[in-house]
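Below is one structure, written out as structure tokens; the observations come after it.
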Amino acid sequence: MTRADIEKAETQLKVRLPPSYVELVTTLGAPAVLPRLPPGADPKRAENLDFTVLLPREIVKWTKELRRSLDPDMFEEPESLERVRKQLANAIFFQFGLDAGEGFVFLVDTADASGDMKVADYSHEYIEELDWGPESAVVFASLAAATANAATQIEDSWDEYCDRPA
């Protein structure tokens, strides 16, 4: 990734990406865990890779998708919609998780003086219960802490992960 790729994404998102993310993708690229893919699945498409860190252009695509995917019919309690919408407006989706609809987001409103942000777990399945408040167990202090959590998830599900059908 180049600085130009990052600046283009920052312009589209209207926010600076955290220095920890920028350093990761400009020095190492976008790491991912390659699952056993079904026939015909493209291993170069981020959505086919578990725990993949998204490239800047993919961050833009998936952040926009995250924000527009809300539908009032998804909620048992319609009053939850506005609260969830506000939380997603401050989230930048940057990494997939183990299953479709899961991943990690940077919380824009938590940027520190260096520009780094806290990271939160995201699950589409539990969208109505979304809570990224200060006491939430799914909010991590940094990209490194979220990465350690992802490594634990991979380790905890390794046997199941390896037994996925091809």
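Checking each residue in the stretch 16-38 for being at pLDDT below 95 and crowded, with 17+ Cβ neighbours inside 10 Å picks out Leu24, Val25, Ala30, Ala32, Pro35. For first residues located in the stretch 86-110 and farther than 15 Å from Trp62 by Cβ, partners that are open to solvent by less than 40 Å² (accessible area, probe 1.4 Å) and charged (D, E, K, R) and lie 6+ apart or on another chain with Cβ distances below 7 Å form the pairs Leu98/Asp50. For the stretch 39-69, filtered to residues that are of a type in the set (D, E, K, R) and in a loop (DSSP other than H, G, I, E, B), the residue that is modelled with the highest pLDDT is Asp42. The numbered conditions (1) surrounded by fewer than 16 Cβ atoms within 10 Å (Cβ to Cβ); (2) touching a strand residue (DSSP E or B) at 6+ places or on another chain (Cβ under 8 Å); (3) not hydrophobic (A, V, I, L, M, F, W, C) are all true for Thr52 except (1). Suppose the filter is within 20 Å of Ala150 (Cα to Cα) and modelled with pLDDT of 85 or more; does Leu13 pass it? It is false that Leu13 is within 20 Å of Ala150 (Cα to Cα) and modelled with pLDDT of 85 or more.
Note on the stretch 1-15: residues that are open to solvent by 80 Å² or more (accessible area, probe 1.4 Å) and more than 14 Å from Glu58 (Cβ to Cβ) total 4. Going through (1) in contact with a Lys or Arg (Cβ under 9 Å, 6 or more places away or on another chain); (2) farther than 28 Å from Val22 by Cβ one by one, Ala91 falls short only on (2). Restricting the search to helices (runs of 4 or more DSSP H) fully inside the stretch 71-166 and requiring at least 2 residues that are crowded, with 16+ Cβ neighbours inside 10 Å gives 80-89, 143-156.
The values are calculated or read from the model by the stated rules, or taken from the named source; none is laboratory data. The model shown is predicted, which means the values in this text are computed figures rather than measured ones. Glycine also receives a Cβ, built like all others from the backbone with ideal geometry; neighbour counts cover every protein chain displayed. Just so you know, the surface numbers come from the protein's heavy atoms only, side chains and all, with ligands and any DNA or RNA stripped out. Shrake-Rupley method; radii C 1.70, N 1.55, O 1.52, S 1.80 Å.
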